[in-house]
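One structure, pasted below without further comment.
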Amino acid sequence: MPLNAEFKKHLHSLMVEVYEKTIDETEQHKREILFKARSTHNAAATPIAYKDAALHSMEIRLSKTIEKYIEAVSVWGYSIDAVFERDMTNEFWSLTAGPNQLQFPPAIRGHQVQAVQGSYARERQRLAAQLVREGTNRLRELKMKTQNTNRAVGSMTTNVFNAPIGNAYINSTVHTTNNVTITVPILQDIDRISEGNPELQAAALELRNAHAQGTSVVEKFQKWATLAITVGGLAEKIHQYYPHIAALISKR
């Protein structure tokens, strides 16, 4: 399936987030290697330092952004088919867009500058291809991991709970099959339901982490559901305001 506009918007926000979190680190690295280069009093050292700093910044920013992108695919619960993989690879490539020429201060000139520019263009292209290839490989690994997880949840399990609702008790049943799908909106609703209850919040966090990793999702959901229906009045609230989650918890 192709990427939708909402998911693309989310990817853009992740790209901005990574840039903001890494800019101080990359600028500090740039200052350090420029200082070392200037300390050599070698005219060729400074432009090379600019090149190395730019490549370092690109590698840090792109690798972390691609990592965030793949994490988002898992969290949003996408099924990774050929079309989705192609679109995500295109998103990886779009991250590598940028000039193949460095901008040097006016004081830096001479024949060594052209040599550094040529070296930078070649190294930048190789780095871009390497990062996209690594990102595509991680995406395929996630695809295989998700497929294996889905196969592992092939059997139906039934757990019966006796849960208090105020002064009354009800029997609630959790049925888990291949049709159980925990999506990002469901995770968000589970977070809302869990607000104010530390134990529920911890279980909800475990579920979100399992969803992100593509493992033990059903097990973590069962744990959260078991806790949720033992909280007085909460089962009624779920059935009234979150019927889609109630449907996962109880099959009557």
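The values are calculated or read from the model by the stated rules, or taken from the named source; none is laboratory data. Here the structure is a predicted model, which means the values were calculated and not measured. All Cβ positions, even for glycine, are placed from backbone atoms using ideal geometry, and neighbour counts span all protein chains on display.
Taking the criterion of being within 18 Å of the chain's Cα centre (by Cα), over 30 Å from THR183 (Cβ atoms) and among the β-branched types (Val, Ile, Thr), would at least one residue in the stretch 86-104 satisfy it?
Initial filter on the stretch 86-104 (within 18 Å of the chain's Cα centre (by Cα)): 86-95.
Right, trim to over 30 Å from THR183 (Cβ atoms) and you get none.
No, the stretch 86-104 has no match at all.
Let me ask something else. So GLY77 ticks every box in (1) modelled with pLDDT under 95; (2) farther than 18 Å from HIS10 by Cβ; (3) touching a helix residue (DSSP H, G or I) at 6+ places or on another chain (Cβ under 8 Å) but one. Which box is left unticked?
Checking GLY77 against (1) modelled with pLDDT under 95; (2) farther than 18 Å from HIS10 by Cβ; (3) touching a helix residue (DSSP H, G or I) at 6+ places or on another chain (Cβ under 8 Å), the one that fails is (2).
If you don't mind, another one. Quick check on my filter: what residues within the stretch 105-115 are under 30 Å from ARG133 (Cβ atoms) and either outside the structural domain of HIS12 (by TED's automatic domain parsing) or surrounded by 13 or more Cβ atoms within 10 Å (Cβ to Cβ) (or both)? So that I can check it myself, show each step before the final result.
Our first condition is that a residue be under 30 Å from ARG133 (Cβ atoms); within the stretch 105-115, this holds for 114-115.
Listed by number, the list holds a single entry, ALA115.
So, VAL73, is that one of a type outside the set (Asp, Glu), loosely packed, with under 12 Cβ neighbours inside 10 Å and under 15 Å from the mean Cα position of the chain (by Cα) or not?
Criteria not met by VAL73.
For the stretch 198-224, give me each residue that is part of a helix (DSSP H, G or I), buried (at least 17 other Cβ atoms within 10 Å of the Cβ) and out of contact with any Ser or Thr (no Cβ under 8 Å at 6 or more places or on another chain).
If the condition is that a residue be part of a helix (DSSP H, G or I), buried (at least 17 other Cβ atoms within 10 Å of the Cβ) and out of contact with any Ser or Thr (no Cβ under 8 Å at 6 or more places or on another chain), then LEU207, ARG208, LYS220, LYS223 are the ones that fit.
Still on this structure, I have one more. If a residue counts only when it is of a type in the set (Lys, Arg), which helices (runs of 4 or more DSSP H) contained entirely in the stretch 40-157 have at least 2 such residues?
Correct list: 45-76, 111-152.
Next question, about the same structure. If ALA37 satisfies every condition in (1) crowded, with 18+ Cβ neighbours inside 10 Å; (2) touching a residue at least 40 places away in the same chain (Cβ under 8 Å); (3) touching a helix residue (DSSP H, G or I) at 6+ places or on another chain (Cβ under 6 Å) but one, which is the exception?
(2)
Here's another thing I want to ask about it. Please find, among VAL174, VAL218, the residue that is in contact with a strand residue (DSSP E or B) (Cβ under 8 Å, 6 or more places away or on another chain), modelled with pLDDT under 80 and not polar (S, T, N, Q). I'd like the intermediate steps shown before the answer.
On the way: VAL218 fails: modelled with pLDDT under 80.
Selected residue: VAL174, the only one of VAL174, VAL218 that is in contact with a strand residue (DSSP E or B) (Cβ under 8 Å, 6 or more places away or on another chain), modelled with pLDDT under 80 and not polar (S, T, N, Q).
A further question on this structure: Look at ALA49 and say whether it is without any contact (Cβ under 8 Å) to a residue 24 or more places away in the chain, surrounded by 12 or more Cβ atoms within 10 Å (Cβ to Cβ) and hydrophobic (A, V, I, L, M, F, W, C).
Criteria met by ALA49.
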